[in-house]
Amino acid sequence: MFSSTYPVLADQAFSGRTALRNGVLAIAGSLALWLSAKLQVPFYPVPMTMQTFVVLVIGTAFGWRLGAATIALYLAEGALGLPVFAGTPEKGIGLAYMAGPTGGYLLGYLPAAALCGFLAKRGWDRRIVTMALSMLLGTVVIYAFGLSWLGAVLGWDKPILAWGLTPFILGDLLKLALAAAVLPLAWKFAGHLDR
């Protein structure tokens with residue numbers, strides 16, 4: 001199940017593994033994350049950003065190494081004080097913001113992207129069912145980090161799940177379905193380009 005490796009979408013779209021290609025993709029990915037954090041989509045029960053969607057798609061499309069490096073670049077930009085996170089600069093910037101209640105979710109982006117990239121290298125991004133499962137696993141990783149951090153910062157006597165999980169489930173299911181449809185479709189399109 002995990003022994004074979006496949007190219008990821010970035011390999012298919014941009015041949016050659018050069019430092020320049022990887023640098024351009026990492027910068028483009030960090031800019032996409034920045035934009036996705038700032039755009040809010042009206043949704044029930046809370047507005048949603050597309051940030052977790054972009055995190056998991058970057059991991060899937062770039063593979064685990066470049067995907068994790070891209071997320072690390074984004075986190076470094078935020079740690080240095082660039083207003084790249086949702087709610088910045090209004091809610092603070094830099095390491096102070098990252099140490100706040102949402103810091104665990106931000107940290108969870110790195111292993112979640114790496115996991116989705118690892119699974120994509122094993123071909124999970126080519127079929128709807130396995131892509132949905134990959135996105136679900138990545139989302140679980142983000143929530144595991146986020147909720148653990150949230151509980152540690154605010155106290156486990158607070159309604160942590162009501163604050164940090166349940167308002168976002170519907171939006172995350174929508175993003176999961178979107179990725180499960182779009183990424184396998186991108187592979188079908190990439191296959192037609194090869195002909």
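Here is how the numbers come out for the structure above:
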item	result
Any hit, the range 86-98, residues being open to solvent by less than 60 Å² (accessible area, probe 1.4 Å), within 18 Å of Val46 (Cβ to Cβ) and within 13 Å of the chain's Cα centre (by Cα)	no
Close pairs from the range 55-74: first closer than 20 Å to Val140 by Cβ, partner hydroxyl-bearing (Ser, Thr, Tyr) and in a helix (DSSP H, G or I), Cβ under 8 Å, at least 6 apart	Val55/Tyr109; Leu56/Ser134; Leu56/Thr139; Ile58/Thr70; Thr60/Ser134; Gly67/Thr60; Ile71/Tyr109
Residue satisfying all of: in the range 144-168; at negative phi and open to solvent by less than 30 Å² (accessible area, probe 1.4 Å); nearest to the chain's Cα centre (by Cα) among these	Gly146
Those residues of the range 31-56 which are of a type outside the set (A, V, I, L, M, F, W, C) and assigned to a loop (DSSP other than H, G, I, E, B), in sequence order	Gln40, Pro42, Tyr44, Pro45, Pro47, Thr49
Selection count where residues are closer than 20 Å to Ala190 by Cα and open to solvent by less than 70 Å² (accessible area, probe 1.4 Å), scope the range 14-27	4
Qualifying residue in the range 119-140 (condition: open to solvent by less than 10 Å² (accessible area, probe 1.4 Å), assigned to a helix (DSSP H, G or I), within 27 Å of Ala10 (Cα to Cα) and of a type in the set (D, E, K, R))	yes
One residue from Gly92, Gly59, Gly81 being touching a Gly at 6+ places or on another chain (Cβ under 6 Å) and in a loop (DSSP other than H, G, I, E, B)	Gly81
Hey, Phe43 among the hydrophobic types (A, V, I, L, M, F, W, C), open to solvent by 50 Å² or more (accessible area, probe 1.4 Å) and touching a residue at least 40 places away in the same chain (Cβ under 8 Å) or not	yes
Residue count, the range 94-126 (criterion: within 25 Å of Lys158 (Cα to Cα) and among the aliphatic types (A, V, I, L, M))	6
The range 99-114 - residue that is open to solvent by 50 Å² or more (accessible area, probe 1.4 Å) and in a helix (DSSP H, G or I) and, of those, nearest to Leu176 (Cα to Cα)	Leu110
Residue check for Ala69: part of a helix (DSSP H, G or I), closer than 29 Å to Ala190 by Cβ, aliphatic (A, V, I, L, M) and at pLDDT 95 or above	yes
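The values are calculated or read from the model by the stated rules, or taken from the named source; none is laboratory data. Quick caveat, the model's predicted, so the values are computed rather than measured. Note that we place each Cβ from the backbone using ideal geometry, even for glycine, and neighbour counts take in every protein chain shown. Ligands, DNA and RNA are excluded from the accessible area calculation, which covers all protein heavy atoms including side chains. Shrake-Rupley method; radii C 1.70, N 1.55, O 1.52, S 1.80 Å.
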